[in-house]
Amino acid sequence: MRKPAFRQVFSLLIAMAVILNLTTIVAADEGMWPLSEIPKLNLQEKGLRIDPSLIYDPAKRSLLYAVVQIGATGSFISEEGLIITNHHVAFGSVQAVSTPERDYLKNGFLAKSRAEEIPAPGRTARITESFQDVSAEVLSVAKKNMSYVDRTRAIEKKIKKIVAEAEKANPGKRAEVAEMFPGKTYWLFLYTVLRDIRLVYVPPLAIGNFGGEEDNWMWPRHTGDFALMRAYVGPDGSPAEYNEKNVPFKPKTYLKINPLGTEKGDFVFLLGYPGRTYRHLPASYIAYEQNIRMPAVADWYEWQIKLMEEMSQTSREVALKHDSRIKGLANTMKNYRGKLAGLKRLNYLEQKRQEERALQEFIQADPKRQAAYDQVLARLDKIYDDMGSEFPRIFILDNLRRSVTPLQIALTVVEASIERQKPDLERNAAYMDRNFNRLKQRIGLTLSSSFYLPTDMAIFKELMKRSLALDENQRIKELNRLVMPDKNLDDWLVEFFNSTKMADPEFVKSLWDKKPDEIKKIEDPMIKLALALYPEYKKIEETNRARKGQLDELQAKLVDVRQEFLGQQFIPDANGTLRLTYGRVEGYEPRDAVYYKPFTTVQGIVEKTTGQEPFNTPAALLQLINQRKFGRYVNPSLDQVSVCLLYSTDTTGGNSGSPIINARGELVGVNFDRAWEATINDFTWNHRFSRSIGVDIRYVLWILKEFAGANNILEEIGIK
Ligand code: GLU
């Protein structure tokens with residue numbers, strides 16, 4: 001039956017009201033927003049219930065001061081410097097202080113008092129204090145007729161100068177210039193860096209890493225991926241290295257915890273330090289990643305993981321050396337596989353190509369645009385093509401340096417001897433006075449916590465074999481020359497690795513201040529190899545500098561013309577600086593007819609538990625679940641304690657540990673991952689698939705209370 005006209009109008013009005021109302025609750029958008037954008041986001045319209053200036057306002061004690069960069073992200077949750085982050089962020093430190101006798105990694109750790117907290121070697125926590133646009137100053141040194149290498153060099157030098165001046169003007173602060181839009185905008189950030197960080201609570205592996213690599217990057221998830229650390233400062237309140245006399249740091253602000261957690265549909269936002277995204281790069285870059293780099297790296301990591309797992313069978317002591325390495329490799333490998341699947345699912349490369357064909361037409365339709373941008377895409381294509389052809393050789397050189405510790409150290413020693421002779425501002429960044437101690441410390445830590453000679457030897461052998469198989473014109477002659485025709489490769493390797501002292505921490509320490517001539521006289525085969533290979537690395541560095549000069553120019557133009565073409569203002573790709581992202585708690589449909597609910601529960605832990613790693617739930621936890629000892633932490637709509645949740649924010653690696661904050665500015669969870677379909681976020685964000693994964697604060701509190709008996713901590717964070 002036809003409805004009377006007024007009823008039609010009425011239903012239309014209702015429909016409109018529903019739509020309008022929905023748009024006020026639907027708060028999910030692409031965007032890892034830099035701080036300067038926050039006031040423009042109209043967050044209150046999207047669901048925020050506090051004044052946005054409480055999140056970001058340099059003049060106020062705003063929430064941004066509660067957020068730290070601590071490897072990935074963490075946040076202060078007490079006025080005594082207590083930090084919550086992820087188990088997987090703390091993992092390396094836990095491994096470094098674990099032994100087979102005191103296996104904190106496997107069994108977890110709770111400091112019952114401040115005195116029991118364990119220093120996390122090399123760990124720092126940075127707080128963003130301020131930022132300022134220095135683009136004009138940086139770009140003032142790039143002159144028209146400069147070569148690309150010179151342009152890059154001039155910019156590098158200018159940045160170092162700006163940093164040095166800023167650190168001089170702000171004693172005790174760390175300055176860094178971040179490239180926001182490469183070739184276009186540069187911001188100077190000032191950080192407070194806290195250097196005495198200690199472990200306070202770490203759940204056992206079977207909770208903090210429940211589901212391991214099998215569940216990583218997946219939903220449904222049941223991982224208690226959280227850990228607690230504390231930042232200390234000198235008695236005068238300023239940042240200091242570990243010292244018994246240090247006192248807990250008092251942050252300007254900290255996050256209040258809401259023990260009631262959050263519910264489906266709620267507005268949430270995250271503050272954090274997302275690492276890298278590549279959304280403004282061209283199709284040719286995607287093709288390079290999709291067809292060349294990511295598949296090769298994923299396969300290579302798989303090979304290394306297998307090797308390390310075999311080595312780990314030897315003993316728990318040997319396994320401990322590999323745990324963190326394996327975790328890192330496996331994490332990236334699965335992420336790349338996820339991205340490759342996602343690129344295919346969305347047919348993203350073709351989408352990008354189509355957009356670029358239309359863009360090229362747009363460029364050609366106007367003589368002015370043509371003059372400015374005509375060759376931009378073609379030149380970018382050429383660069384990524386070149387990178388593709390050079391890849392096999394660069395890959396080997398890169399991985400020799402990255403994965404064979406004694407060679408990495410030898411190359412660093414050689415480079416240090418050369419760089420340290422130069423005036424400070426002309427050195428490669430790692431060798432500047434402000435960074436050199438960290439570099440030495442990092443190498444010492446690698447040797448003591450994750451180096452195992454047979455593993456590195458096997459990796460070296462494999463890379464050597466691959467090098468021998470390269471096309472004639474790509475061969476790494478200095479490496480191939482090493483293989484003596486009269487010797488069996490394995491015998492030669494044993495002799496080679498046994499006669500180097502590059503894994504002896506004391507010997508390495510004695511080399512840091514040597515001059516190039518002295519280094520040349522050292523009778524160590526690894527140093528000799530490093531000396532022979534060093535010019536190769538230098539050549540690559542120069543090629544990269546020239547390439548960066550070109551890419552900066554071309555990418556800046558591409559951003560300009562795409563903004564014009566799409567009629568949009570872009571925000572910069574993630575670059576490790578503090579960002580905000582918002583969304584709401586919601587599930588998603590990964591594929592036809594499948595809906596993923598936004599919360600998992602402890603019942604799911606029981607269902608997944610097999611008794612075998614990584615599904616080996618501690619008996620005490622199973623008992624708590626079976627007895628339903630949930631107390632106040634039950635999620636009323638599920639009648640269970642919820643473990644993890646999904647929400648539609650825009651996150652990437654580095655957002656690990658980001659606080660999930662509700663509309664009132666309270667902590668309701670800790671971000672730790674993305675769903676499988678969202679691994680593609682690094683290239684493109686999509687509301688249908690892009691879901692971040694966090695651990696529910698109710699699970700965190702429940703574990704602390706019922707499982708760990710950490711009443712000292714609960715009291716400190718104001719939970720009775
Ligand atoms: N689980 C991720 C990682 O370890 C962190 C968060 C993300 O990438 O979404 O890299």
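The values are calculated or read from the model by the stated rules, or taken from the named source; none is laboratory data. Just so you know, these numbers come straight off a predicted model, no measurement behind them. Positions of Cβ are backbone-derived with ideal geometry, glycine not excepted, and every protein chain shown enters the neighbour counts. Remember, those area values only see protein heavy atoms, side chains included, never the ligands or the DNA or RNA. Shrake-Rupley method; radii C 1.70, N 1.55, O 1.52, S 1.80 Å.
Measuring from label point to label point, each 7 Å out along Cα→Cβ, what is the R353 to D386 span in nm?
Each label point is offset 7 Å from its Cα along the Cβ direction, giving 2.3 nm.
Mind scanning K40/K250; K321/K501; K160/K528; K461/K515; K461/K528; K440/K538 and naming the pairs with a C-alpha gap bigger than 23 Å?
K40/K250; K160/K528; K461/K515
Within the chain, which whole H helices from DSSP have a Cα span along their axis of at least 15 Å and a mean Kyte-Doolittle hydropathy of -1.0 or more, if any? Intermediate values should be presented prior to the final figure.
Working: long enough: 5-25 (30 Å, 1.73); 148-169 (32 Å, -0.70); 294-312 (26 Å, -0.27); 316-346 (44 Å, -0.76); 348-364 (24 Å, -1.50); 376-403 (36 Å, -0.20); 405-419 (20 Å, 0.95); 433-449 (25 Å, -0.91); 453-468 (22 Å, 0.12); 525-566 (57 Å, -0.54).
The answer, listed by residue number, is 5-25, 148-169, 294-312, 316-346, 376-403, 405-419, 433-449, 453-468, 525-566.
In the calculated pair distance distribution of region 457-571, what percentage of Cα-Cα distances lie above 17 Å? All intermediate terms of the calculation are to be shown ahead of the outcome.
Numbers: 4638 of 6555 pairs.
Every Cα pair in region 457-571 considered, those over 17 Å come to 71 percent.
Give me the distance in nm between label points sitting 7 Å out from Cα along the Cα-to-Cβ direction at D490 and K539, one decimal.
Distance between label points: 3.4 nm.
Students often get this wrong: which residues of region 620-641 have the backbone nitrogen under 14 Å from the point 7 angstrom along Cα-to-C-beta of V606?
Taking a point 7 Å out along Cα→Cβ of V606, the residues of region 620-641 whose backbone N falls under 14 Å are 620-630, 639-641.
Give, as a single signed number, the net charge of other residues whose beta carbon lies under 11 Å from the beta carbon of P590, with Lys and Arg counted +1 and Asp and Glu -1. Before the final figure, lay out each step's value.
Details: positive: R345, R591, R688, R691; negative: E589, D592, E677.
That works out to +1.
Find the Rg to Rh ratio for region 99-249, where Rh is the Kirkwood radius over alpha-carbon pairs and Rg uses the same atoms. Spell out each step's value before the answer.
Numbers: Rg = 21.6 Å, Rh = 19.0 Å.
When Rh is taken as the Kirkwood radius, the ratio is 1.14.
When the helices in the chain are scored as -39500 (n - 2.57) per DSSP H run of 4 or longer and the sum is shared across all residues, what 222 nm value do you end up with, to the nearest 500 deg cm²/dmol?
-14000 deg cm²/dmol
Which order do you get for W187, W303 if you rank them by accessible area with a 1.4 Å probe, largest at the top? The partial results should precede the final answer.
On the way: W187 35, W303 80 Å².
The ordering from most to least exposed comes out as W303, W187.
With unit charges on the beta carbon (Lys/Arg positive, Asp/Glu negative), name the residue among G604, V138, Y273 whose Cα is farthest towards the positive pole of the charge dipole of the chain.
V138
Stretched out fully, how many nm does the piece from A372 to N712 gain, at 0.36 nm a residue minus the Cα gap?
116.0 nm
Is there a pair in K252/K597; K352/K382; K106/K629; K352/K548; K629/K720 whose C-alpha atoms are over 26 Å apart, and which pairs would that be?
Check vs 26 Å cut-off fails for K252/K597.
Binning every alpha carbon pair distance of region 186-244 at 5 Å from zero, what are the percents per bin?
Using 5 Å bins, I get a P(r) of 4, 15, 16, 12, 11, 12, 14, 12, 4, 0 for region 186-244.
Roll a 1.4 angstrom probe over the protein heavy atoms and tell me the percent of accessible area of region 610-720 that is carbon or sulfur.
46
Leaving out ligands and nucleic acids, and using a 1.4 Å probe, what accessible area per residue does the chain come to in Å²?
44
Starting with the highest mean, order 119-129, 507-517 by the number of other Cβ atoms within 10 Å, averaged over the residues of each peptide.
Working: 119-129: 20.5, 507-517: 13.9.
Ranking the peptides 119-129, 507-517 by packing returns 119-129, 507-517.
List the aspartates and glutamates whose Cα sits under 16 Å from the Cα of K144, skipping any in the same chain fewer than 8 residues away.
D552, E553
Given the peptides 667-677, 315-325, arrange them by the average over their residues of other C-beta atoms within 10 Å, most packed first. Show your work: numbers first, answer last.
Values: 667-677: 26.6, 315-325: 18.2.
Descending packing order for the listed peptides: 667-677, 315-325.
Computed over the Cα atoms of the chain, what is the ratio Rg over Rh, Rh following Kirkwood?
Working: Rg = 26.7 Å, Rh = 27.6 Å.
We get a ratio of 0.97 for the chain.
Given region 402-515, report the % of alpha carbon pairs whose separation exceeds 17 Å. Write out the running numbers ahead of the final one.
On the way: 3944 of 6441 pairs.
Pairs farther apart than 17 Å: 61 percent.
Which value does Rg/Rh take for region 572-719 over its C-alpha atoms, Rh per Kirkwood?
Looking at region 572-719, the ratio lands at 0.99.
If you project the alpha carbons of region 569-651 onto their three principal axes, what span does each projection cover, largest first, in Å?
Over region 569-651, Cα extents along the principal axes are 54, 31, 30 Å.
Per-residue counts of other Cβ atoms within 10 Å, averaged by peptide: what ranking do you get for 106-114, 608-616, highest first?
Per-residue mean Cβ counts within 10 Å order the peptides as 106-114, 608-616.
What's the carbon and sulfur percent of region 157-209's accessible surface, probe 1.4 angstrom, rounded to a whole number?
On the way: 980 of 1820 Å².
It is 54 percent, rounded to a whole number.
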